[in-house]
Amino acid sequence: MAMLLETRLLFRKVKDLRSLTPRRGRVKEKWAATRAKHPPTSLALHHFDAKYSVQLGRLWPSVRVALLSERKYGALLNNFSSDAVLANLQAQGCRDFISDSDAEAQSCPEPESEVGADKQEESSDGAMKKSDVDDQQRPPFLLSRNINCAVFPRGDITRFKPARPDMQGLLGYYLMDAASVLPCLALDVQEGHRVLDLCAAPGGKSLALLQTQAVRFLCVNDSSVSRTQRLRKVLRRYVPKEFLTDENIRITSFDGTKWGEIERNTFDRVLVDVPCTTDRHSLTEDDNNIFSKSRTGERRMLPKLQVELLLAGIEAACPGGEIMYSTCTLSQIQNMGVVEQAIHQAQQNHGIHLEVVDLQLVTNMFRKTFHFAPDLHLGVMVVPHLAANFGPIYMCKLKRMT
């Protein structure tokens, strides 16, 4: 009993001492001093709930769950490496979704083509059908060749092991969102093309373009010097030194919006993968988050910056050249809205006429791997899905008319 009384007396003294401690000398708990009241990830989720629930409707709840879940990756195979990487990945259960798409494309003809062919057959009287003439005049839709990307099957969330260097010190594959390969595939890079990657860092898409081994000259640019340094490191780890010469590759850190003043009417193919709200990153990482309160102005100016970058890419393309616009956001304003503004301004301010290239065949070819958003009037978009948690990736291809 005496011991209990002493303990209570000691506890009272400790409480009395705390009350006598000056307020400026008291220390708060750590979380109260460092944790933001409204973290950027929470602000991003609130913003997306308000916007995308209207834009995507019934599709948003499933997309929301996928965005908040662990993403899937693909392994972009490095053709410069001497190791038999694909065979090793296939032994682990992976498949190359690009080479595995041929059978899908042949079995998925476009509905509009079938209807048009039926109408022409009804009106033909032994003469050549109009659909046959159109097929002869229209060049086939081609994909950039030699690009291979391994993925695990739908619903399989197995993680890739880190790539190992080969005898030359080159890594066998580059881990990236497999949907990010689609803009490079659909850009249709052919032998001898001059290619511009206007917003290239961190370098995954530039590396994919180099895998074609058809590029005569590749210019990779990013306005951030630090991101450009990271891009250089990526290329050095995957591309032989003898290929990284000024004759083959040029790495720059210019303001991409001014590229039309630097090199106009120059490139056969232009990739414009613009900065955006990067929806998945904004929901999962507080660091470098565009929804930080300190970056509110920057976020609001994104559509204007995106239009300027796309216009610069259009000016950089030569007549007859093709431009691929891509983002990693679901936002209609940053996707179709930017493309529509750029097409209008290119014609009004620069006298450049553009044609939108139909990418429906891409959705037919790769629908076994990706989940595509339905009913887009401009471009195509991969939306995250729990069984195929890639994306979001939006892309729209433009052709500069001669």
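Residue-by-condition table, conditions (1) at pLDDT 95 or above; (2) among the β-branched types (Val, Ile, Thr); (3) crowded, with 16+ Cβ neighbours inside 10 Å:
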position	(1), (2), (3)
ARG250	yes, no, no
VAL272	yes, yes, yes
PRO275	yes, no, yes
ILE343	yes, yes, yes
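Filtering segment 196-215 to residues that are among the aliphatic types (A, V, I, L, M) and assigned to a loop (DSSP other than H, G, I, E, B) leaves LEU198, ALA200, ALA201, ALA214. Applying the criterion of at least 3 residues that are over 24 Å from the mean Cα position of the chain (by Cα) and at pLDDT below 95 to the helices (runs of 4 or more DSSP H) found wholly in segment 52-154 leaves 85-91, 111-123, 130-137. Could you please find all residues in segment 252-269 being touching a helix residue (DSSP H, G or I) at 6+ places or on another chain (Cβ under 7 Å), over 11 Å from ASN221 (Cβ atoms) and buried (at least 24 other Cβ atoms within 10 Å of the Cβ)? PHE267 - this is the single residue of segment 252-269 that is touching a helix residue (DSSP H, G or I) at 6+ places or on another chain (Cβ under 7 Å), over 11 Å from ASN221 (Cβ atoms) and buried (at least 24 other Cβ atoms within 10 Å of the Cβ).
Scanning segment 236-248 for residues that are buried (at least 19 other Cβ atoms within 10 Å of the Cβ), charged (D, E, K, R) and not in a helix (DSSP H, G or I) turns up nothing. Anything in segment 34-87 that is surrounded by 14 or more Cβ atoms within 10 Å (Cβ to Cβ), within 20 Å of SER99 (Cβ to Cβ) and not charged (D, E, K, R)? List them, or say none. Scanning segment 34-87 gives TYR73, GLY74, ALA75, LEU76, LEU77, ASN78, ASN79, PHE80, SER81, VAL85, LEU86.
One line per residue, one yes/no per condition, for (1) closer than 21 Å to VAL181 by Cβ; (2) at pLDDT 95 or above; (3) open to solvent by less than 60 Å² (accessible area, probe 1.4 Å):
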residue: LEU305; (1), (2), (3): no, yes, no
residue: TYR325; (1), (2), (3): yes, yes, yes
residue: VAL356; (1), (2), (3): no, yes, no
residue: THR363; (1), (2), (3): yes, no, yes
residue: PHE370; (1), (2), (3): yes, yes, yes
residue: VAL380; (1), (2), (3): yes, yes, yes
residue: CYS396; (1), (2), (3): yes, yes, yes
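Screening the candidates LEU218, LEU309, LEU231 for the property of being in a helix (DSSP H, G or I), open to solvent by less than 50 Å² (accessible area, probe 1.4 Å), in contact with a Leu (Cβ under 7 Å, 6 or more places away or on another chain) and of a type in the set (A, V, I, L, M, F, W, C) yields one hit, LEU309.
The values are calculated or read from the model by the stated rules, or taken from the named source; none is laboratory data. Because the structure is a prediction, the values reported are computed rather than measured. Please note: Cβ atoms are built from the backbone with ideal geometry, for glycine as well, and neighbour counts cover all protein chains shown. Ligands, DNA and RNA are stripped out before the accessible areas are found, and what is left, the full protein with its side chains, is counted by its heavy atoms. Shrake-Rupley method; radii C 1.70, N 1.55, O 1.52, S 1.80 Å.
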